[in-house]
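Visitor: The structure under discussion is supplied below as structure tokens; questions concerning it will follow.
The values are calculated or read from the model by the stated rules, or taken from the named source; none is laboratory data. All values derive from a computational prediction rather than experimental measurement. Here the Cβ is made from the backbone with ideal geometry for all residues, glycine too, and neighbour counts use every protein chain on show. Accessible surface areas use protein heavy atoms only, side chains included; no ligands, DNA or RNA. Shrake-Rupley method; radii C 1.70, N 1.55, O 1.52, S 1.80 Å.
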Amino acid sequence: MRSMFLLLSVLAAGAANVHAQSGASALSAIKLLPKADAKRIARIEAREGNPTPERWYILVHDPAEETGLHEYVVARGSLVASRALSQFAEGLTAEEVIGPEAFKFDSDRAGKLAQQYALANNTIPATLNYQLRKDASDGTPVWNVTCIDATGRALGGVVVAADKGTVLSHNGFPLEPAPNKLKGEEDDEESRARSRSRDREAPSNAPKKRYVVRNRPEPVRQAPPQEKPNIFQRIFGGR
């Protein structure tokens, strides 16, 4: 039974990776918005991610609208809709706008955390639902990622701080993944970030050390010394 579960886990991860290659993260979708509206984002929604959803719904506060709401829809790397209504909210206020610090932890990393919690509790989600907004209690920007099974039932989910990637809660998933596994992934991200930083700081015209292989001269071979003729050779001329 356990081997079958591990096999399904591997297959699900492989399918997820293939799908992720054709999709885009939330932060990639934000780049398609007008710059002025990208600074007034109040909520991001997506459904049926596998793990990356096909559509991102980005809600911004627009004071020119009567409801204060404007919605953009991004699908397959393109902006496909721009409208003054949304199925996710009736209106927005300036207080709901998320600050730039919220866009440090992308949706793909939040989704990976949710999948790890699901696997730790012996479940494999069929899809993921995403939501980024301010927490109602203290205004902290958080990712809410809900794991959904094949029948549409919610298995559980995680709430992740959008600035640091800290898991604040994991509803429906009582068991936690191994801490060293989560820590290792964080270390990998930090290592890649430090490497990118060093590459940016290094001057582009810095001289590169060249290694030259020098050929060693062949040793000079001296001719063997000639033998002097003895007395008989000198008299008879023989050798």
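Visitor: What is the distance, in nm, between label points placed 7 Å from the Cα along the Cα-to-Cβ direction at S169 and at R153?
Guide: 2.2 nm
Visitor: How much of W56 can a 1.4 Å solvent probe reach, expressed as accessible area in Å² and rounded to 10?
Guide: 10 Å²
Visitor: A126's amide H: which non-local residues (gap 5+, or another chain) put their own amide H closer than 5 Å, with H modeled 1.01 Å from N in plane and none for Pro or chain starts?
Guide: Here I148, D149, A150 satisfy the definition.
Visitor: Which value, in nm² and rounded to one decimal, describes the direction-averaged projected area of the C-alpha convex hull of the stretch 30-115?
Guide: Values: hull surface 23.0 nm².
It is 5.7 nm².
Visitor: Additional query: Residues in the stretch 149-171 near a label at R47, defined as backbone nitrogen under 17 Å from the 7 Å Cα→Cβ point?
Guide: Backbone N within reach: 149-155.
Visitor: What nm value, rounded to one decimal, do you get for the distance between L79 and A120 when each label is placed 7 Å out toward the C-beta?
Guide: Result for the modelled spin labels: 3.9 nm.
Visitor: Report the per residue volume, in Å³, of the convex hull enclosing the C-alpha atoms of the stretch 58-188.
Guide: Working: hull volume 17.8 nm³, N = 131.
So the per-residue hull volume is 136 Å³.
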